[in-house]
Amino acid sequence: MTTLEQRGLAPVRSLLDNGVRVIAKHSGATPAVTIHATFDAGTVFDPTSEPGVAHFVSRTIDRGTASHTADDIAERLDFRGVSLAITVNRHALSLICTCLVKDLDPILATLADIVMHPAFPDREVETRRGEIVTMIRQDEDNPAAMAAEGLLSLLYGAVHPYGRRPRGTVEIVERISRSSMQAFHTARFAPDSLSLVIVGDLDPKRGIESADRAFASWRSAAAARPTFPAIEPPRERRMRVIAMMNKAQADIAYGFTAITRSDPAFYAYWLMNNILGEYSIGGRLGDSIRERQGMAYYVFSALDANVVAGPLLIRAGVNPANVDRALASIDEEIARMAADGPTDRELAESRQFLIGSLPRRLETNAGIANFLQMVEFFDLGMDYDLRVPDLLARVTRDDVQAAAQAVLDPSRAAVVVAGPYSGS
């Protein structure tokens with residue numbers, strides 16, 4: 001007999017006549033269904049002169065439509081016990097909620113109204129403007145946030161969308177107008193920009209039919225595909241200090257531009273990063289800097305392979321007196337990874353960890369929906385969950401070392417320290 005593990009998720013993918021991509025998956029864990037609607041409308045699509053528009057839209061798109069007020073929408077959702085979450089990242093703006101199966105059609109109709117006919121009422125825009133300004137000022141008072149934003153600016157520059165502040169600045173947010181948001185919506189929200197994932201206790205065919213009823217009437221011009229400036233390879237080490245002398249902790253952001261998600265070497269980089277700063281208590285970095293030397297409150301690494309060469313980041317929070325020692329230890333660990341590669345045990349344990357963590361990501365409807373959106377975005381194939389173990393199993397120790405040698409070079413690192421640090 002074919003087991004569930006052998007079958008995998010086996011979602012059903014359908015393309016509606018107007019270009020909406022629908023992915024439906026039956027999951028009988030609960031008598032509910034998760035809806036995850038994602039548009040190609042992230043912060044990379046912000047106008048060059050107005051970074052922060054996509055984030056502003058994410059905060060206001062559900063605050064009224066051409067035929068329903070914000071209160072009407074809230075009542076419709078509350079009546080069915082639904083909480084709508086709206087998120088935005090570099091490339092995507094997503095609307096996510098969970099409802100009872102019997103409420104799928106009315107909830108999809110409400111979501112369709114929100115994304116097709118947002119009104120951006122002046123009163124709601126002004127309320128959200130104040131909230132966003134507060135968020136930006138909180139970020140500017142947070143060493144961790146300032147270090148992270150500073151590092152991306154250092155890696156990508158002000159021209160590249162990855163180097164811009166996703167929420168913009170106070171000055172820019174105060175001048176973003178309702179017409180700016182309407183223009184962004186017109187440009188980015190279209191049927192062919194929508195990927196709709198439906199996961200829950202229903203037949204996939206029914207989910208696709210419900211999506212068709214909600215969105216079939218939508219006709220809009222195709223959303224333009226993005227283009228990105230070239231990323232200049234670093235030739236030297238770059239360091240920036242953001243002095244925040246009233247703080248107790250210094251935050252370090254240290255990193256490189258790495259690879260795209262479509263690069264065949266991704267799986268070697270994935271394992272390399274896991275060994276370096278994720279596995280167990282934070283990989284080699286956590287074992288050395290936090291556990292053995294006791295220098296960091298936290299330390300980890302993260303790989304964001306994306307549409308363009310995304311960053312490999314190392315983050316640490318330290319006592320200001322330990323900044324230089326912590327940086328020297330990071331240099332030492334990444335140089336050792338490049339010079340020696342992983343041990344056979346590290347490679348085996350990290351591979352086992354990554355393969356074993358996948359089923360845990362797919363334990364809930366929301367987890368499955370999020371995974372399927374990632375699969376669709378990067379065009380990985382509907383059987384990707386079945387192929388991951390083999391893709392990781394093919395990676396050799398030499399592959400991981402080659403990945404480390406290609407990117408981990410302390411002499412070409414970008415480093416930002418934010419906090420009460422007076423170094424140069």
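The values are calculated or read from the model by the stated rules, or taken from the named source; none is laboratory data. Predicted model only: the values in this text are computed from it and were never measured. Here the Cβ positions follow ideal geometry from the backbone for every residue, glycine too, while neighbour counts run over all protein chains shown.
Miscellaneous remarks
- Here the condition is being of a type in the set (Val, Ile, Thr), in contact (Cβ under 8 Å) with a residue 40 or more places away in the chain and within 16 Å of PHE189 (Cα to Cα); of THR30, THR60, it holds for THR60 alone.
- The residues on offer are ALA296, ALA309, and the sole one that is over 30 Å from GLU376 (Cα atoms) and among the aliphatic types (A, V, I, L, M) is ALA296.
- Criterion applied to ALA265, ALA253, ALA243 was being in contact with a Lys or Arg (Cβ under 8 Å, 6 or more places away or on another chain) and of a type in the set (Gly, Ala, Ser), and the one residue passing it is ALA253.
- Of all residues in the range 307-331, those satisfying the criterion of being part of a helix (DSSP H, G or I), in contact (Cβ under 8 Å) with a residue 40 or more places away in the chain and either within 28 Å of HIS91 (Cβ to Cβ) or not polar (S, T, N, Q) (or both) are PRO320, VAL323, ASP324, ALA326, LEU327, ILE330, ASP331.
- Annotation note: of GLN405, GLN373, GLN401, the sole residue that is touching a strand residue (DSSP E or B) at 6+ places or on another chain (Cβ under 8 Å), in a helix (DSSP H, G or I) and either within 16 Å of ILE259 (Cβ to Cβ) or modelled with pLDDT of 95 or more (or both) is GLN373.
- Options ILE355, ILE368; residue that is out of contact with any helix residue (DSSP H, G or I) (no Cβ under 6 Å at 6 or more places or on another chain), assigned to a helix (DSSP H, G or I), farther than 18 Å from ALA413 by Cβ and not assigned by TED's automatic domain parsing to the domain that holds GLY163: ILE368
- Extreme residue, surrounded by the most Cβ atoms within 10 Å (Cβ to Cβ), among residues of the range 152-203 that are part of a strand (DSSP E or B) and hydrophobic (A, V, I, L, M, F, W, C): VAL199
- Members of the range 147-203 found to be touching a His at 6+ places or on another chain (Cβ under 8 Å), within 24 Å of THR34 (Cβ to Cβ) and small (Gly, Ala, Ser), listed by number: GLY200
- Some residue of the range 345-361 being over 24 Å from LEU276 (Cα atoms), at pLDDT below 95 and not hydroxyl-bearing (Ser, Thr, Tyr): no
- Filter result for ILE252 (under 25 Å from the mean Cα position of the chain (by Cα), within 30 Å of LEU104 (Cα to Cα) and part of a strand (DSSP E or B)): no
- Flag for PRO264 being modelled with pLDDT of 95 or more and surrounded by fewer than 21 Cβ atoms within 10 Å (Cβ to Cβ): yes
- From the list TRP218, TRP270, the lone residue that is surrounded by fewer than 20 Cβ atoms within 10 Å (Cβ to Cβ) and in contact (Cβ under 8 Å) with a residue 24 or more places away in the chain is TRP218.
- Selection from the range 376-398 of residues that are free of Cβ contacts under 8 Å to residues at least 24 places away in the same chain and part of a helix (DSSP H, G or I): TYR384, ARG387, ASP390
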